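Input: a single structure, listed below in structure tokens.
Read-outs: derived from the displayed coordinates by stated rules, not from any lab. Keep in mind that what you see is a predicted model, and the values were worked out from it rather than measured. Heads up, the Cβs are rebuilt from the backbone with ideal geometry, glycines too, and the neighbour counts pull from every protein chain shown.
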Amino acid sequence: CCQTGGNTAWLEPATIQRLNWQTQIISEQRIVEHYLSYVPTFSYENSCIYHAERGCTLPRKMRSNVCNQFLCRGLSEVWQGLSSTSSGQCVAASVTGSRVEEIALVDALGSLQKITPSPNAPDADDLA
């Protein structure tokens, strides 16, 4: 979970080995520099060093298995609900304040279709 990632971001030797195998970065110094290049200017206090305003700044392939596989309670409940329904689908939205950033049709295996609302779409507050 992001809140317990601290300055290590749950990174383990296996994560570094996987990254090196995928990218062939080779030297330890270049791997360190590569990870440091993703540290955001501002991150949340008492959370993972890569936890920025819009989420994790690390690309998925650089994240630890803990980060890639963890589901918070809310997401876990959604996943369980999707697995137990006949349709097995729901609509999810990414929201910043009252502005919808992205909408996705989701099933138990992941996103089926993403939709980005028009930049001119009104905020939810404007519709009330």
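Identify the single condition in (1) farther than 21 Å from LEU109 by Cβ; (2) β-branched (Val, Ile, Thr); (3) out of contact with any His (no Cβ under 8 Å at 6 or more places or on another chain) that ILE25 does not satisfy, given that it satisfies every other one.
Among (1) farther than 21 Å from LEU109 by Cβ; (2) β-branched (Val, Ile, Thr); (3) out of contact with any His (no Cβ under 8 Å at 6 or more places or on another chain), ILE25 violates only (3).
Restricting to the stretch 10-62, name every residue that is of a type in the set (Gly, Ala, Ser) and either touching a helix residue (DSSP H, G or I) at 6+ places or on another chain (Cβ under 8 Å) or over 23 Å from VAL95 (Cα atoms) (or both).
Scanning the stretch 10-62 gives ALA14, SER27, SER37, SER47.
In this structure, is GLY97 under 24 Å from CYS48 (Cα atoms) and either of a type outside the set (A, V, I, L, M, F, W, C) or out of contact with any Pro (no Cβ under 7 Å at 6 or more places or on another chain) (or both)?
Against the criterion (under 24 Å from CYS48 (Cα atoms) and either of a type outside the set (A, V, I, L, M, F, W, C) or out of contact with any Pro (no Cβ under 7 Å at 6 or more places or on another chain) (or both)), GLY97 qualifies.
Going by what's in this entry, would GLY81 be described as under 30 Å from GLN24 (Cβ atoms) and without any contact (Cβ under 8 Å) to a residue 12 or more places away in the chain?
Spelling it out, it is not the case that GLY81 is under 30 Å from GLN24 (Cβ atoms) and without any contact (Cβ under 8 Å) to a residue 12 or more places away in the chain.
Residues of the stretch 41-67 being in contact (Cβ under 8 Å) with a residue 60 or more places away in the chain and among the basic types (Lys, Arg), which ones?
Selection gives nothing.
Grab the helices (runs of 4 or more DSSP H) fully contained in the stretch 1-114, keeping just those with 1 or more residues being surrounded by 15 or more Cβ atoms within 10 Å (Cβ to Cβ) and under 14 Å from the mean Cα position of the chain (by Cα).
Passing ranges, in order: 65-69.
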